[in-house]
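Student: After the structure tokens below, expect a handful of questions from me.
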Amino acid sequence: MNQATETPADVPVDTATANITAFLSMLRQSEGTGSAQDPYAVCYGYKHIITDFSDHPAVTGEWKGEPLSDAMCANAGFGPGCISSAAGAYQITKGTWNGLKSSLGLVDFSSDSQDAAAIELIRQRAALEDVKAGNIASAIDKCRNEWASLPGNYAKQGQRTQDTLVGWYTNSGGAVA
């Protein structure tokens, strides 16, 4: 796993790596893909299972996305009739994926590429150093508007509690500061 940036001097590299791995596991659980046979193949609402990992399924045309209710569209800041293209372990949308694919030079939608994309999204939310150091409550708060399942997300979808998230994180080997 690429840690995307250097580890803070006061956090051992193996601890930082374990914390990143645990945070990613927590995100998969929170987004509802963690219990899937292959979390990296799940599309929004389990409406499709990805078979072609050459790119995001909404890019390859394998999956057209899932229509959302008008209320869900409004909560997410879209007009009526919007479609979710959330796919993969971290439920990354087509638009977000295309930006990450370009900036990170990702060549496919494999598990390694999805992990790298999620780590970059965490970094963009200024939460990666918190994750590495085990400041999980802060990291969750900073990432809440990236993943709809995190508490306080504006999309008002089913959100997990902080206690549940921390439990998943520690059960996956993460250390809390």
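The values are calculated or read from the model by the stated rules, or taken from the named source; none is laboratory data. From a predicted model like this one, the values you see are computed outputs, not experimental measurements. Glycine also receives a Cβ, built like all others from the backbone with ideal geometry; neighbour counts cover every protein chain displayed.
Student: Within segment 17-37, how many residues are over 14 Å from G174 (Cα atoms) and β-branched (V, I, T)?
Tutor: Going through segment 17-37 one residue at a time, the tally reaches 1.
Student: Counting only residues that are surrounded by 20 or more Cβ atoms within 10 Å (Cβ to Cβ) and not in a helix (DSSP H, G or I), how many does segment 111-134 have?
Tutor: 2
Student: Working only within segment 26-53, note down all residues that are within 15 Å of I92 (Cα to Cα), of a type in the set (G, A, S) and out of contact with any Phe, Trp or Tyr (no Cβ under 7 Å at 6 or more places or on another chain).
Tutor: Once the filter is applied, which keeps residues that are within 15 Å of I92 (Cα to Cα), of a type in the set (G, A, S) and out of contact with any Phe, Trp or Tyr (no Cβ under 7 Å at 6 or more places or on another chain), segment 26-53 yields G32, G34, A41, G45.
Student: Name the residues in segment 67-110 that are at pLDDT 95 or above, in a loop (DSSP other than H, G, I, E, B) and out of contact with any His (no Cβ under 6 Å at 6 or more places or on another chain), would you?
Tutor: S85, A86, G88, A89, Y90, Q91, T93, G105, L106, V107, D108, S110, listed by residue number.
Student: Scan segment 62-73 and report the pairs whose first residue is under 18 Å from A87 (Cβ atoms) and whose second residue is among the small types (G, A, S) and part of a loop (DSSP other than H, G, I, E, B), with Cβ atoms within less than 6 Å and a gap of 6+ or a chain change.
Tutor: Final answer for the pair search is G65/S85.
Student: Here's a follow-up. Exactly one condition in (1) small (G, A, S); (2) at pLDDT below 95; (3) more than 25 Å from K94 (Cα to Cα) is not met by S172; state its number.
Tutor: Every condition holds for S172 apart from (2).
Student: Looking only at residues that are charged (D, E, K, R) and touching a residue at least 40 places away in the same chain (Cβ under 8 Å) in segment 139-177, which one is farthest from G32 (Cα to Cα)?
Tutor: My answer is K156.
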